[in-house]
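The values are calculated or read from the model by the stated rules, or taken from the named source; none is laboratory data. Just so we're clear, the structure is a prediction, and the values are computed from it rather than from any experiment. Here the Cβ positions follow ideal geometry from the backbone for every residue, glycine too, while neighbour counts run over all protein chains shown.
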Amino acid sequence: MKRYARILAFGAALAATVISSSAAQAETILKASHQFPGGKGDIRDEMVQLIAREVAAAKVGLTIQVFPGSSLFKPNDQWNAVTRGLLDITSFPLDYASGRHPEFSATLMPGLVGNFDRAMRLNDSPFMKNIKSIIEKQGAIVIADAWLSGAFASKKGCITAPDTMKGQVIRAAGPAFEEMLAAAGASIGSMPSSEIYSGMQTGVLDAANTSSASFVSYRLFEQVKCLTAPGENALWFMYEPVLMSKRIFEGLNADQQKAILAAGEKAEAYFNEEVRKGDQLMIDTFKKAGVEVVEMSKADYDAWLAIAKQSAYKNFAAKVPGGEKLIEEALAVK
C-alpha cells in the first residue's frame, strides 16, 4: 500500500512537472522598447509598464519585458523595428518617422492641437483615422493614444515672441517646428530628445523644445536659464502613441489580443489623467531649480502661428501628398 502511495505521489509530481514545463513553454514573451528613462516617473515609461502589469495580471500566457532608456533600440530605429516585427511594442514619438512617412509631421505641427481637450477629440477624427491607416499599412497598430504638451527653454534667455529666437541654435522636434523656427531666424540642431542634455552641456545647443515630460525626466533644468511653459497658448503638442507590431499582434490568440487591447485602454486612460499634471510638475521643478519660468502671450502665439502658416503649413501642403487635406481635417475638429 505504501509502495502504491509512493508511485501515485511520484506520478503526481511528474505530471505537475510536465504541466509546469508545458505552461512555461506556452508563455509568450514580448519585448517593449522606448527611449525614455525608466524608474524615474516618466509618464511614457509608466504607460508601457502599466500595460505589462495588466497583461501579466490577465494570465493569458503573455509576459512583456520593458527596455527603457534606448537600451534595446536607439530612438530612431524603433519605427523600422516595430513595423518589421523585430520589436513587439514601443512608445514612439510618431514624428520621428516623418522622414519615411512625411504625413506624420502633421502630428507635430505648430499650433495645430492647442490643448488637451482638443487632442482627445482629434483621436477619433478623420484626421487621426488617416494617420492610423498609414501606421497600419506599414505594419503596426496603435494600442494607446497619447498626446504630450511641450515647452521651450534656453541657456541665453526667455523665448516668447519670434524675435527672441534669432541667433540661437535650437533642437526642434520634427521638420514642421524646424521650418517655423528657421523662418524666425534660428539655427537648427537635430537630435532625439534623449541627447538634448549633452547637446546643451557641450555648447552644441542654446535652446530646445520638447515635451514637458522630457524637460523633467532628462533634467534639462540643470542646463537652462529660462523655461517657456505651454500655458494657455501652447504651440507644441506631439503624438506619442504606444505601437505594436501588427504581425506579432495577429499571431497572438484571441484572449491574448483582448488582454493587450484592454491594457492599452487602461494605459491611455491613466495617461490622459496624469499628463495634465505634467505641465505643473515641470513648472514647479524648474522654479525649484532656480530657472525663470514664463508663458507666451496671445500676441506671441499669434505671431508664431503666422510664421508657421507661411513656412511649415505651406510646405507641408505643397510637398506632402494629401497634406493640405490632413491639415484641413485637423483644423475642422473644434
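Condition first: under 14 Å from T107 (Cα atoms), assigned to a strand (DSSP E or B) and hydroxyl-bearing (S, T, Y). Now tell me which residues in segment 120-166 satisfy that.
S149
When you check E265 against the structure, is it under 24 Å from the mean Cα position of the chain (by Cα), in a helix (DSSP H, G or I), surrounded by fewer than 17 Cβ atoms within 10 Å (Cβ to Cβ) and in contact (Cβ under 8 Å) with a residue 12 or more places away in the chain, yes or no?
Answer is yes for this residue.
If I go through segment 70-103 residue by residue, how many of them are among the polar types (S, T, N, Q) and either over 30 Å from Y313 (Cβ atoms) or assigned to a loop (DSSP other than H, G, I, E, B) (or both)?
Adding up the residues that qualify gives 3.
Could you figure out which of (1) surrounded by fewer than 23 Cβ atoms within 10 Å (Cβ to Cβ); (2) within 19 Å of A97 (Cα to Cα) isn't true of A182?
For A182, the exception is condition (2).
Count, please, the residues in segment 51-72 that happen to be under 19 Å from A144 (Cβ atoms), crowded, with 18+ Cβ neighbours inside 10 Å and within 16 Å of the chain's Cα centre (by Cα).
So the count comes out to 3.
Looking at A173, A153, which is the one that is surrounded by 16 or more Cβ atoms within 10 Å (Cβ to Cβ), under 17 Å from the mean Cα position of the chain (by Cα) and within 29 Å of E268 (Cα to Cα)?
Answer to the selection: A173.
Can you name the residue in segment 220-251 that is assigned to a loop (DSSP other than H, G, I, E, B) and either without any contact (Cβ under 8 Å) to a residue 60 or more places away in the chain or on the phi > 0 side of the Ramachandran plot (or both) and, of all such residues, is nearest to the chain's Cα centre (by Cα)?
That would be G231.
Please verify whether E274 is within 25 Å of the chain's Cα centre (by Cα), under 30 Å from I143 (Cβ atoms) and surrounded by fewer than 16 Cβ atoms within 10 Å (Cβ to Cβ), treating the condition exactly as stated.
yes
Does at least one position in segment 204-219 carry a residue that is assigned to a strand (DSSP E or B), at pLDDT 95 or above, under 23 Å from M120 (Cβ atoms) and among the small types (G, A, S)?
The answer is no; no qualifying residue exists.
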